[in-house]
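**Student:** To start, I am sharing the structure in question, which I have written as structure tokens.
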Amino acid sequence: MQRIKIELPDQILYTDSFEILAEDINEAKHMGNERILVFANDIRKRFYAHLQLKEGDWENGHGTIVVNHAINYKNEGFAGDKITCQVGVTNVTECSFDLVLHFIKNQEKTLAILRTGKVYFDYNERKIRPLPQAFLQAFGVTLPA
């Protein structure tokens, strides 16, 4: 089986934590694989808030949109595990970036690494548009002219 390699970001822009709950556990008695996307969605919202970014300018009809996910599961998660999530960005372009989340359980083992490809999207015109300058500044990125 070929495994997808996800590179961790050079810089951590945000850290969050949570606990795996009983409701996150499946019939195999470990965390369900789909829960990582639920966790990532919640953390993404707090990440944007932390950086004082808006996921979108909904009045004008544009915002970030998911174009892909890649997940490497490294260890099982169980109810009561304390999870720390380190968040950074990679592969920033004029219109897109990868959001990388490193989930660490009980401060010692990687639970999973998730990469979400995001583009900035005009929902009215149904096309990709450049990232707002606020995103580039928050990410500490200067693109070549």
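The values are calculated or read from the model by the stated rules, or taken from the named source; none is laboratory data. Fair warning: this is a prediction, and the values are worked out from it, not measured in the lab. As a convention, Cβ positions derive from the backbone with ideal geometry for all residues, glycine included, and neighbour counts pool all protein chains shown. All accessible areas refer to the heavy atoms of the entire protein, side chains included, with ligands and DNA or RNA removed. Shrake-Rupley method; radii C 1.70, N 1.55, O 1.52, S 1.80 Å.
**Student:** Can you find even one residue in the range 127-135 that is part of a loop (DSSP other than H, G, I, E, B), under 19 Å from Asp16 (Cβ atoms) and either out of contact with any Ser or Thr (no Cβ under 9 Å at 6 or more places or on another chain) or open to solvent by 40 Å² or more (accessible area, probe 1.4 Å) (or both)?
**Tutor:** No.
**Student:** Right, another one. Could you list all residues from the range 105-120 that are open to solvent by 30 Å² or more (accessible area, probe 1.4 Å), in a strand (DSSP E or B) and over 14 Å from Arg44 (Cβ atoms)?
**Tutor:** Lys109, Thr110
**Student:** From Ile43, Ile83, grab the single residue that is open to solvent by less than 30 Å² (accessible area, probe 1.4 Å), in contact (Cβ under 8 Å) with a residue 60 or more places away in the chain and not aromatic (Phe, Trp, Tyr).
**Tutor:** Ile83
**Student:** Every residue in the range 1-28 that is under 21 Å from Val89 (Cα atoms), of a type in the set (D, E, K, R) and not in a loop (DSSP other than H, G, I, E, B), please.
**Tutor:** Asp16
**Student:** Going by the structure shown, is Leu53 buried (at least 16 other Cβ atoms within 10 Å of the Cβ), in contact with a Ser or Thr (Cβ under 6 Å, 6 or more places away or on another chain) and under 22 Å from Pro130 (Cα atoms)? It would help to see each step written out before you state the result.
**Tutor:** Details: buried (at least 16 other Cβ atoms within 10 Å of the Cβ): yes; in contact with a Ser or Thr (Cβ under 6 Å, 6 or more places away or on another chain): no; under 22 Å from Pro130 (Cα atoms): yes.
Here the answer is no, as Leu53 does not meet what is asked.
**Student:** Also: Within the range 25-40, work out how many residues are farther than 15 Å from Phe103 by Cα and open to solvent by less than 90 Å² (accessible area, probe 1.4 Å).
**Tutor:** 4
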